[in-house]
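Structure record follows, encoded as structure tokens.
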Amino acid sequence: MTNSPSTLLVTGGAGFIGSALVRQWLEHESASIVNLDNFTYAGLQASLEEVIDHPRHRLVVGDIADPSLVTRVLAEHAPKAIIHLAAESHVDRSIDSPPAFAVTNVVGTCVLLDAAVRYWRTLTGQPRDAFRFLLVSTDEVFGSAQADRPFTATSPLAPNSPYAATKAAAELLARAFRKTYELPLLVVNPSNNYGPRQLPEKLIPKMILAAAADVPLTLYGDGLHQRDWLHVDDCCRALRLVLDQGEPGSRYLIGADHCQTNLHVAEMICDLVDELLTTGQAETDRLPAPAGNSRRRLIRHIEDRPGHDRRYAVDPRPLREELGWSPQIPFAKGLRDTVRWYLENRSWTRQAQEAVQQADS
Ligand SMILES: NC(=O)c1ccc[n+]([C@@H]2O[C@H](COP(=O)([O-])OP(=O)(O)OC[C@H]3O[C@@H](n4cnc5c(N)ncnc54)[C@H](O)[C@@H]3O)[C@@H](O)[C@H]2O)c1
């Protein structure tokens, strides 16, 4: 039992953003971290390899929708704050089976909020004043953005996919818990994250692994859907900053202000894989494509996804102006490093591909 007032509880810390946050937290913060994750197909032990035995990291395997477990975790570890990331996160799966998304993203969030209020009410003095609940939502709750009109903190919720609808529902619950119980709660809406250890069912790793394997890179529709790509380490820096300095009751949009079409991203990936493999820059066992035979030839267009939002774009200025955050990793560099990471970390990618295949079957 930690029972330290300087412990952070993170949910979903075995996932893509969560595991990056755990690593960054342990490197830059002095507080301990309790990581609550029930290891769905999206939670990988391999993503926690570097931190699993860290003396300030405690892994609790359990479901956020289990009220007695969540209550016990809060009582035992007495966190000073919660960052809630655990979710079903893949839009395509939400189209195939929406109820699983409602169970985790809505009911699970409600259970966590309820337990958090009860726990927070047991606190007194400084720990009570300083307690924070940070809900990690998504820019997808706002629907599709108009050209040159990025989402702002006052954009209406208008989700188009079952995934986005469950995230919007979680936000509404959070709002109600703030209004009804005065829980000191903040919401963030990050744009599309990319970086190492993202499951290969998501666009960028899927394209990298297809290009590396010399198999078709499939894009929905014309591929001209735009996303504001944000490096996961920049996102985690923003989460830590908002937790530390954000105003309870506020919403912060996190984006890199760098919209790209999916087609352009796929082409960049093909070029990077060509380059890194043909020049032998990546330490990998894969064979290069024959010279002059660009992997761009592998790009294919398939029928568009129903309800597919054309564009996501957020206005990150308030986060920059109020809290002084700005992204540190330019997209070209972040993408190159990410491609290299996937080419060089075959053991992780094999496990991730198996996890996705099992979830598909
Ligand atoms: N990845 C992005 O681009 C992005 C962008 C904006 C917002 N978000 C949000 O950030 C959060 C994290 O996203 P991610 O990409 O890291 O997701 P992910 O799918 O990679 O990881 C989710 C993690 O949550 C865990 N989990 C799922 N259900 C759980 C439950 N019932 N109890 C405990 N743990 C559970 C999984 O095991 C996994 O470790 C999500 O809330 C997502 O909606 C993600």
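In Å², what does the accessible area per residue of the chain work out to with a 1.4 Å probe? Please list the in-between numbers first.
On the way: 15380 Å² over 361 residues.
Result: 43 Å² of accessible area for each residue.
To the nearest 20 debye, what charge dipole does the stretch 10-149 have about its Cα centre, counting +1 at the Cβ of each Lys and Arg and -1 at the Cβ of each Asp and Glu? Mind dumping the intermediate values first?
Details: 11 positive and 17 negative charges, 128 e Å.
So the dipole magnitude of the stretch 10-149 works out to roughly 620 debye.
Give the residue from Leu335, Leu183, Pro79 lying farthest towards the positive end of the charge dipole for the chain; charges sit on Cβ (+1 for Lys and Arg, -1 for Asp and Glu) and the dipole is referred to the Cα centre.
Leu183
What are the ³J(HN,Hα) couplings of the stretch 257-268, residue after residue, when phi is run through the Karplus curve with 6.51, -1.76, 1.60 and θ = phi - 60°? Round to Hz, x for glycine and proline.
6, 8, 6, 9, 6, 4, 4, 5, 4, 4, 5, 4
Would you calculate, for the chain, the mean residue ellipticity at 222 nm contributed by helices, counting each DSSP H stretch of 4 or more residues as -39,500 (n - 2.57) and dividing by all residues, to the nearest 500? If you can, show how the numbers build up before the last one.
Working: 13 runs with 152 residues, N = 361.
It lands at -13000 deg cm²/dmol.
Suppose every Lys and Arg Cβ carries +1 and every Asp and Glu Cβ carries -1, with no other charges. What dipole size does the chain come out with about its Cα centre, to the nearest 20 debye? Write out the running numbers ahead of the final one.
On the way: 37 positive and 44 negative charges, 104 e Å.
Here the chain has a charge dipole of around 500 debye.
Hey, with R₀ at 45 Å, roughly what FRET efficiency would Asp66 and Gln245 work out to, going by the Cβ-Cβ distance, to 0.05? All intermediate terms of the calculation are to be shown ahead of the outcome.
Values: r = 32 Å, r/R0 = 0.71.
With a Förster radius of 45 Å, E is 0.90.
Could you order Lys80, Lys179 so the one with the most accessible surface comes first? Probe is 1.4 Å.
Numbers: Lys80 80, Lys179 140 Å².
So, going from the largest accessible area down, we get Lys179, Lys80.
Solvent-accessible area of Thr218, probe 1.4 Å, all protein chains present, reported in Å² to the nearest ten, please.
Number for this one is 50 Å².
Just to be sure I understand the curve: with the Debye formula and one point per C-alpha of the stretch 1-156, what is log10 I(q)/I(0) at q = 0.13 Å⁻¹?
-0.64
Could you tell me which residue out of Gly18, Gly125, Ile269 lies farthest along the dipole of the chain toward its positive end? Charges go on the beta carbon: Lys and Arg +1, Asp and Glu -1, centred on the Cα centre.
Gly125
Can you figure out the FRET efficiency of His264 with Thr122, using R₀ = 51 Å and their beta-carbon distance, to the nearest 0.05? Don't skip to the answer; put the middle values down first.
Numbers: r = 52 Å, r/R0 = 1.01.
Efficiency, from the Cβ-Cβ distance: 0.50.
Can you give the Kirkwood hydrodynamic radius of the chain from its Cα pairs, in Å with one decimal? Mind showing how you got there, number by number?
On the way: mean 1/r = 0.0478 Å⁻¹.
20.9 Å is the Kirkwood radius here.
List the relative contact order of the chain as a percent without decimals, with contacts defined as Cα pairs under 8 Å and 6+ residues apart.
Values: 673 pairs, mean separation 64.6, N = 361.
Result for the chain is 18 percent.
Computed over the Cα atoms, what is the radius of gyration of the stretch 197-242 divided by 2.2 N^0.38 Å, N being its residue count? Before the final figure, lay out the partial values.
Details: Rg = 13.7 Å, N = 46, 2.2 N^0.38 = 9.4 Å.
The value comes to 1.46.
Quick one: give the max-minus-min coordinate of the C-alpha atoms of the stretch 60-123 along each principal axis, largest first, in Å.
Rounded to whole Å, the extents work out to 42, 17, 17 Å.
For the residue pair Asp304 and Leu224, what label-to-label distance in nm results when each label sits 7 Å from Cα along the Cα-to-beta-carbon direction?
That separation, rounded to one decimal, is 1.0 nm.
Measure nothing fancy, just the Cα-based angle from helix 232-245's long axis to the longest principal axis of the chain, in degrees from 0 to 90, nearest 10.
20
Can you give me the solvent accessible area of Asp233 with a 1.4 Å probe, rounded to the nearest 10 Å²?
About 60 Å², ignoring ligands and nucleic acids.
By accessible area of protein heavy atoms, probe 1.4 Å, what ranking do Glu275, Glu27, Glu140 get, highest first?
Details: Glu275 65, Glu27 140, Glu140 25 Å².
The most accessible residue leads, giving Glu27, Glu275, Glu140.
Per residue of the stretch 210-226, what does 6.51 cos²θ - 1.76 cosθ + 1.60 with θ = phi - 60° give for ³J(HN,Hα)? Whole Hz please, x for Gly and Pro, Karplus curve as stated.
Calculated HN-Hα couplings, in order: 5, 4, 5, 8, 6, 10, x, 9, 9, 10, 5, x, 7, x, 9, 5, 10 Hz.
Just reorder Asp92, Asp129 by solvent-accessible area, largest first, 1.4 Å probe, all chains present.
Numbers: Asp92 35, Asp129 115 Å².
My answer, sorted largest first, is Asp129, Asp92.
From the P(r) of the stretch 74-158, could you give the percentage of C-alpha pairs in the tail past 15 Å? List each step's numbers first, then the result.
On the way: 2434 of 3570 pairs.
Looking at the stretch 74-158, the distances longer than 15 Å represent 68 percent of pairs.
Express the C-alpha Rg of the stretch 194-334 as a ratio against the empirical globular expectation 2.2 N^0.38 Å, rounded to two decimals.
On the way: Rg = 17.4 Å, N = 141, 2.2 N^0.38 = 14.4 Å.
The value comes to 1.21.
The values are calculated or read from the model by the stated rules, or taken from the named source; none is laboratory data. All values derive from a computational prediction rather than experimental measurement. Cβ: placed from backbone, ideal geometry, glycine included. Neighbour counts: every protein chain shown. Each accessible area value is taken on the protein alone, full model and side chains, heavy atoms only, with ligands, DNA and RNA left out. Shrake-Rupley method; radii C 1.70, N 1.55, O 1.52, S 1.80 Å.
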